[in-house]
1. Within region 76-125, track down each residue that is aliphatic (A, V, I, L, M), out of contact with any Leu (no Cβ under 9 Å at 6 or more places or on another chain) and more than 18 Å from Phe7 (Cβ to Cβ).
2. Restricting to region 102-139, give me the number of residues that are β-branched (Val, Ile, Thr) and farther than 21 Å from Leu293 by Cβ.
3. Any chance region 92-109 includes a residue that's in contact with a Ser or Thr (Cβ under 8 Å, 6 or more places away or on another chain), surrounded by 22 or more Cβ atoms within 10 Å (Cβ to Cβ) and in contact (Cβ under 8 Å) with a residue 12 or more places away in the chain?
4. Taking region 24-67, which residues are among the aliphatic types (A, V, I, L, M) and farther than 24 Å from Ala247 by Cβ?
5. Give the residue that is nearest to Ala247 (Cα to Cα), with candidates limited to residues of region 145-163 that are touching a residue at least 60 places away in the same chain (Cβ under 8 Å) and among the β-branched types (Val, Ile, Thr).
6. Among the strands (runs of 3 or more DSSP E) confined wholly to region 1-61, which include 3 or more residues that are within 24 Å of the chain's Cα centre (by Cα)?
7. For region 54-105, which positions are within 19 Å of Gly136 (Cβ to Cβ) and hydrophobic (A, V, I, L, M, F, W, C)?
8. Does Glu69 qualify as being touching a residue at least 12 places away in the same chain (Cβ under 8 Å), in a helix (DSSP H, G or I) and of a type in the set (D, E, K, R)?
Amino acid sequence: MHSLVVFAGNSNPQLAKEICRHIGIKLGEAQVKTFSDGEIQVEISENVRSKDVFVLQSTCAPVNDHLVELLMMIDAFKRSSAKRVTAVIPYYGYARQDKKVAPRVPISAKLVADLLTVAGADRVITMDLHAGQIQGFFDIPVDNLFAAPVLLEHIKENFRDDTVIVSPDAGGVERARAFAKRLHTQLAIIDKRRPAPNRAEAMHVVGDVKGKTAIIVDDMVDTAGTLSEGAAALKAHGAMEVHACCAHAVLSGPAVDRITESDITTLVVTNTNPLSEKANRCDKIRVRSVSKLLAEAIHRSHTGSSVSSLFV
């Protein structure tokens, strides 16, 4: 078996260090810098010849910089004669652009998949893709993990009876139903209308939430418009408290202010994306780590063991 090495770009070095601690190895040494004109420079500082390389990089803000870092690191490893290069992308940017929603628009999620493949990635490990069919955009193996075990553990530890799992829109019903099934609780759905990108209006709640603790489950929170409107709708329909859980804390624009001012009591996120200083100061936002889950996936991929048991 070829030696396992883990490297990281600049997007989420803390998560990479946590993963390495779980595996019991040292984080690989690489220099990822930026020239004065904005060009990215990558230099691998150790020998990776014939090694099994895992490079961790979330394509979070600034999205394009982190994406190009990842592509250049993959290229550097291939040119350094690595035996295999696996891109570990906890948060896969551009995933929401997975189909043509209007004439003459790109399918950007497919383009990013092509870029990763052409750069030289042999495999991809990611988490909670916005649309599961994105796996089919790749001509290489993709392991799409889920943060559900971490979020379910939090819910079981902090909530008891009289809870209801809420899907923030029709598209998230399957995810919310899976949570409700594992927690043996009820399911509700928010009928959401989106008049423009990054703008959401919660119109109606389908299901009984009166007098219950409502827990909204989503894959990501971006501007928090959906979340804040959904919380207001749940409160209007008689929910006693509103909490929320999501895998990816994008939290762009006015997101933190909206969460602070909303009816949400707590928002639990994972560390697939690092939080900004402002988000870290928000008392409502709690972080659960997915480092152990990712470390186990990396170890199993390296040893040739089954990863499917992690797909909860």
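1. Val101, Ala102, Val105, Ile107, Leu111, Ala113
2. The total comes to 5.
3. Checked against the condition, which is being in contact with a Ser or Thr (Cβ under 8 Å, 6 or more places away or on another chain), surrounded by 22 or more Cβ atoms within 10 Å (Cβ to Cβ) and in contact (Cβ under 8 Å) with a residue 12 or more places away in the chain, region 92-109 yields at least one hit.
4. Selection gives Ile25, Ala30, Val32, Ile40, Val42, Ile44, Val48, Val53.
5. Val150
6. 4-8, 52-56
7. Ala87, Ile89, Ala95, Val101
8. Working: touching a residue at least 12 places away in the same chain (Cβ under 8 Å): yes; in a helix (DSSP H, G or I): yes; of a type in the set (D, E, K, R): yes.
In short, yes.
The values are calculated or read from the model by the stated rules, or taken from the named source; none is laboratory data. Note that the structure is predicted; figures quoted are calculated from it, not measured. Neighbour counts run over all protein chains shown; Cβ positions are idealised from the backbone, glycine included.
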